[in-house]
Amino acid sequence: MQLQSYAAGRWRSGTGDGAALRDATTGEVIAHASAAGLDAAAMLAWARAVGGPNLRRLTFHERAALLKAVARDLSEHKDEYYPVSFATGATRGDSWIDIDGGISTLFVYASKGTRELPNSAVYVDGSVEALSKTGTFVGQHLCVPLEGAAVHINAFNFPVWGMLEKLAPALLAGVPAIVKPAKQTSYLTERVFRRILESGILPEGAVQLICGGVGDLFAHLTCQDVVSFTGSAATALGLRQHPTVTANSVRFTAETDSLNSSILGPDAHPGSPELDLFVREVVREMTVKAGQKCTAIRKAIVPQARAGEVIDALRAALAKVVVGDPRLEQVRMGPVASLSQRREVTEQLVKLEQETEVVAGGTGKPQLLGADAERGAFMAPTLLYCRDAARGRAIHSVEAFGPVCTVVPYRDTGDAIELARRGGGSLAGSVFTADDAVAAQLVLGLAPFHGRIVVVNRHCAKESTGHGSPLPHLVHGGPGRAGGGEEMGGIRGVMHYLQRTAVQGTPDVITAASGRWIRGARELDPGVHPFRKPFGSLKIGDTFHSPEREVTVDDIERFAALSGDRFYAHMNEAEAQRNPLFGGRVAHGYFLVSAAAGLFVDAPYGPVLANYGIDSLRFVKPVKPGDRIRVRLTAKEKSLRAGAGYGEVRWDTAITNQNGEAVANYDVLTMVSEKAIPDA
Ligand code: NAP
C-alpha cells in the first residue's frame, strides 16, 4: 500500500516508492510512504486561506462541539484501528493508551473548551488594568487566533495520541493544522486521519496530512504559524535553528527525549506498600510500549541500603514478563517499532553498559512467545545497576528509547534530588513515599527540572494515573533536555495558538473589542428590568440601578439568628470596638449580598432561570447600622449554551453606600432562557 498525503483539499501520492514500512513483529512490508513532490507552500497557503477563516468563523464553543463530534465518531470506529496498531509492535494495552487515550484527550478538550472558554471568538485574559486616575484609559489583554497554520511533527511511538493531543488545542484555538506523523508508524495515523476527514465534521482546510518528509515547508513559515514538534533533541535542534524559523520568530514548541527518574523514599522498606508500588511502576514503565515512552522511567533512584532488595524484586517481576507477538493475549511486551529502532536502542544500551552491571535482560535474544527473533524487533526488558552513581555519566545523558532502566542508589534525599536533576531537564518524575515531609522536599527539589511530578503512596495508588501518563488537564513538557516546551495543560495548551495583545483605550473601546463590559464603560438603559429580557435581546451593558435600603441593627440580629453566624464583630459592640478594622458593629458581608439580591431581583416568572454562583466577591468597606446601600447590576458577558435553550449571563455587580463608596464588588452568574416565558 502506498500511503497518501492529504494536501490542499485532495489526497495525493508522493512520487517514487518511498520508505518501506514494516510490521514490527513479522518484518513484512505493510506500506510505503513518500511525500516527494508535495507542494508544501500550497498546503500552508490552503490552511491560511481556507482552513483558518473557516475555523475562525466559529466561536470557542462551536469548535469545542466539533472536537466532541470527532471524538464520538472516532470512538465508534476505534475497533478498526486496533488491528492496525498491532503492526507497530503495540499490545492491546499499549494501543489502548494510544487510541483511547487520544480520543479521550479530544473529549477533555471539548469539555474544557465549553466550560472554560467563552462562547465567542476572543479570549479575555486576566482583569482590566487601571492605567489612569479617573478611569478613562485602561488596559486589557485580549487573545485572538493566529492566522497561519499549526505544523504538528510527531514521534513514531504514539501515532494516534500524538496526532490528537496536538490537534485538540490547535483546532479549539481556531488554527488549522498540518499533521506530519513519523514515517515508521504513519500508516496508523493515516488510517485515523482518513476517518476524521470522511466523517465530514471538520470544515474544509482544518486539517492536512503529510505521510513522508516535509520538503521545503519550513522555508515558507511566517510569524503566524506555529510548529509543535515531538521527537529527538537532535531533530528539534535542527528545526529550531532553521533560518526561516529564527528570522520570522516562528513559535516553536518542542517535546524531546528526556531522562526521567522515579525516586523511592527513604521510609520505604520490604513489605511497605510504597516499595511494592515502586517496583510495579518501574516494571510497567519498562514494558508498556516496550519502553518507547518519552516519559518512561530511565533511572530508578533508590536508597543505597535498599538497592539489593529492590533489584531482587525488579528482577523477579521482570522474569514474569512475556515478550512476543503483541497480538497474543498472554504477551505483555511486544517488539520496539522497527529493526532500525532496535539497533538504535542497542547502541545506547552498549554505552550504558560501560558504567553499569546488567542485572536482567541485556543485548542477547529474548525468549519469545509466537514470534521469530530474527524477523521482529524484539528486545529483552533490561535492568542495569550503576553502583557509583556520582561518577556515572552515561546514565545521566544517554536515553535508550526502549525497555531499559537503570537502578541508581542514593545516600540521602539531597543526593536523590541531585541525581534526578542531572538529567538536565525531564518531562516527568515520580516519588514513592508515605512521608509527606520527604515528599514535599523531593517535589520542591525536583520541580525546577521537571514538567510534571507524581507522588504515589498507599492512599492514592489505586486511583493514581501513574508516572508515565501525560494528561490533557496537566502540562506535558519539560525544561532543558526535555525540549523546553509545554503542551496540553488544559486551556494553557490553547494559548500556544493565540496571540495575546495588550489593548489600551477607553473602557468603551475595550468593551466593544472584547465583547465583555468593563467598569467605566457606557451603561445602557434596557427599558425594562433586565431580568425580563430573554437571552437574545439582552445587551452587554444593560444596567439596573436599585433603590436604597437602610441597614439596621435589627437586620443584623435577625440575620445572625437565621444563619447562626454570631461573630462578635456583628453582635457585640464593645468587642467590635476593639477590632482595629471595624471600630464598632458591622453587618455580615453575606447579609449584604443577600440584601443586594433583594434589591436587584425581579421576582415574577420570566427568562432568568437560575443563579448558579458568584465570582470574585470582595467586601471593600464595612457597613454599619444606619448606612444605606444600593446596587448596580450590569450585563457583563453572555455565553449561549448551544442547543440547551438558555445561555449564561455574567452580571457585574457593585454595592455602594450612601456616600457612593464601594461596599462590595462581584459577578453574579445566571442562566437566562432564550424565551421570554420559558416552557415548563
Ligand atoms: P526523530 O527522528 O526526531 O523524529 C521525530 C519526527 O520528526 C518524525 O516525525 C520525523 O519524521 C520528523 N523529522 C525528522 N527530521 C525532520 C526534518 N528534517 N524536518 C521535519 N521533520 C523531521 O525522533 P524519533 O527517533 O522518531 O522519536 C524518538 C524520540 O522522540 C525519542 O528520543 C523520544 O524521547 C522522543 N519523544 C518525545 C516525546 C515527548 O512528548 N517529549 C514523545 C515521544 C517521543 P520521519 O519519521 O519522517 O523522519
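The values are calculated or read from the model by the stated rules, or taken from the named source; none is laboratory data. It should be emphasised that the depicted structure is a prediction, and the values quoted were computed from it without experimental measurement. Positions of Cβ are backbone-derived with ideal geometry, glycine not excepted, and every protein chain shown enters the neighbour counts. Just so you know, the surface numbers come from the protein's heavy atoms only, side chains and all, with ligands and any DNA or RNA stripped out. Shrake-Rupley method; radii C 1.70, N 1.55, O 1.52, S 1.80 Å.
Inter-part distance, the stretch 498-551 to the stretch 610-669, computed on C-alpha centroids, equals 12 Å.
Cα gyration tensor of the stretch 1-91, axes a ≥ b ≥ c as square roots of the eigenvalues: rounded (a/c below 1.5), prolate (a/b > b/c) or oblate? It is oblate, given that a/c is not under 1.5 and a/b is not larger than b/c. Taking 7 Å steps out from each Cα toward its Cβ at residue 463 and residue 440 produces label points 2.2 nm apart. For residue 594, the solvent-accessible surface with a 1.4 Å probe is about 60 Å², rounded to the nearest 10. With the convex hull of the Cα atoms taken as the outline of the stretch 523-673, the averaged projected area works out to 9.5 nm². Of the listed residues 539, 299, 320, 621, the order by accessible area with a 1.4 Å probe, largest first, is 320, 539, 621, 299. Between the amide H of residue 141 and those of 125, 503, distances stay under 5 Å, these residues lying 5 or more places away or on another chain, with hydrogens modeled in the peptide plane.
In what order, largest first, do 1, 163, 495 sit by accessible area if the probe radius is 1.4 Å?
Details: 1 135, 163 0, 495 40 Å².
Largest accessible area first, the residues go 1, 495, 163.
The angle between the Cα long axis of helix 307-319 and the main principal axis of the chain comes to about 70°, on a 0 to 90 degree scale.
Charge dipole of the chain (Cα centre as origin; +1 on each Lys and Arg Cβ, -1 on each Asp and Glu Cβ, all else neutral): 700 debye, rounded to the nearest 20. Among the trypsin sites (Lys or Arg not before Pro) in the stretch 565-625, those placed in a DSSP loop whose Cβ has at most 15 other Cβ atoms within 10 Å are 566. Pop a pseudo-label 7 angstrom from the Cα along the beta-carbon direction at both residue 582 and residue 563 and give the gap in nm to one decimal. With each label placed 7 Å out from Cα toward Cβ, I get 1.1 nm. Using the heavy atoms of the protein chains alone and a 1.4 angstrom probe, what is the accessible area of the chain per residue in square angstrom? Ligands and nucleic acids excluded, the result is 41 Å² per residue. For the chain, the longest principal axis of the alpha carbon atoms and the long axis of helix 186-198 meet at an angle near 40°. A dipole drawn for the chain from +1 and -1 charges on Cβ atoms has a positive end, and of 34, 664, 588 the residue lying farthest that way is 34. Loop-located chymotrypsin sites (Phe, Trp or Tyr not before Pro) in the stretch 600-639 (DSSP state not H, G, I, E or B) with no more than 15 neighbouring Cβ atoms inside 10 Å: 605. Calculated [222 nm] ellipticity per residue, helices only, for the chain: -8500 deg cm²/dmol; basis is -39500 (n - 2.57) per DSSP H run with n ≥ 4, divided by all residues, nearest 500. Would you please state the base-10 log of I(q)/I(0) at q = 0.05, 0.09 1/Å for the chain, with intensities from the Debye formula using one equal scatterer on every alpha carbon? After summing over all Cα pairs, the log10 values are -0.32, -0.88.
Using R0 = 51 Å, the C-beta based FRET efficiency linking residue 69 and residue 500 works out to 0.95. For the stretch 251-280, the residues whose backbone nitrogen is under 20 Å from a point 7 Å from the Cα of residue 312, taken along Cα to Cβ, are 264-280. Positive end of the dipole of the stretch 220-332 (Cβ unit charges, origin at the Cα centre): among 271, 242, 314, the Cα lying farthest that way belongs to 242. Using C-alpha pairs below 8 Å separated by at least 6 residues, the relative contact order for the stretch 523-673 is 28 percent. Residues with beta-carbon under 12 Å from that of residue 43, excluding residue 43: net charge, scoring Lys, Arg +1 and Asp, Glu -1? Value of the local net charge: +1.
What's the extension gain from residue 357 to residue 49 if we count 0.36 nm per residue and subtract their Cα-Cα distance? Please list the in-between numbers first.
Numbers: separation 308, 0.36 × 308 = 110.88 nm, distance 5.80 nm.
Between residue 357 and residue 49, full extension yields an extra 105.1 nm.
Neighbours of residue 153 by Cβ distance under 12 Å: Lys/Arg scored +1, Asp/Glu scored -1, total +3.
Assuming charge only on the beta carbon of Lys and Arg (+1) and of Asp and Glu (-1), the dipole of the stretch 329-471 about its Cα centre is about 140 debye to the nearest 20.
Accessible area ranking (1.4 Å probe, heavy atoms, ligands and nucleic acids excluded), largest first, for 223, 460: 223, 460. For residue 421, the solvent-accessible surface with a 1.4 Å probe is about 70 Å², rounded to the nearest 10.
Dividing the convex hull volume of the alpha carbon atoms of the stretch 260-466 by its residue count gives 109 Å³ per residue. Within the shell defined by Cβ-Cβ distances under 14 Å, the residues around residue 419 carry a net charge of +3, with Lys and Arg each +1 and Asp and Glu each -1. With R₀ set to 51 Å, the beta-carbon distance separating residue 216 from residue 92 gives a calculated FRET efficiency near 0.80. Under the simplified labelling scheme, the residue 539-residue 134 pair shows an inter-label distance of 2.5 nm, with each label point 7 Å from Cα along Cα→Cβ. A Förster radius of 45 Å combined with the Cβ-Cβ distance from residue 58 to residue 347 puts the calculated FRET efficiency at roughly 0.40. A dipole drawn for the chain from +1 and -1 charges on Cβ atoms has a positive end, and of 644, 323, 406 the residue lying farthest that way is 644. Computed about the Cα centre, the dipole magnitude for the stretch 523-673 is approximately 220 debye when only Lys and Arg (+1) and Asp and Glu (-1) carry charge, each at its Cβ. Length gained on full extension, residue 620 to residue 141: 169.9 nm, using 0.36 nm per residue less the C-alpha separation. Shown for the stretch 291-354: the carbon plus sulfur share of the solvent-accessible area, taken with all protein chains present and a 1.4 angstrom probe, equals 48%. The heavy atoms of residue 540 offer some 50 square angstrom of accessible surface to a 1.4 angstrom probe. Of all DSSP beta bridges confined to the chain, the antiparallel ones make up roughly 60%.
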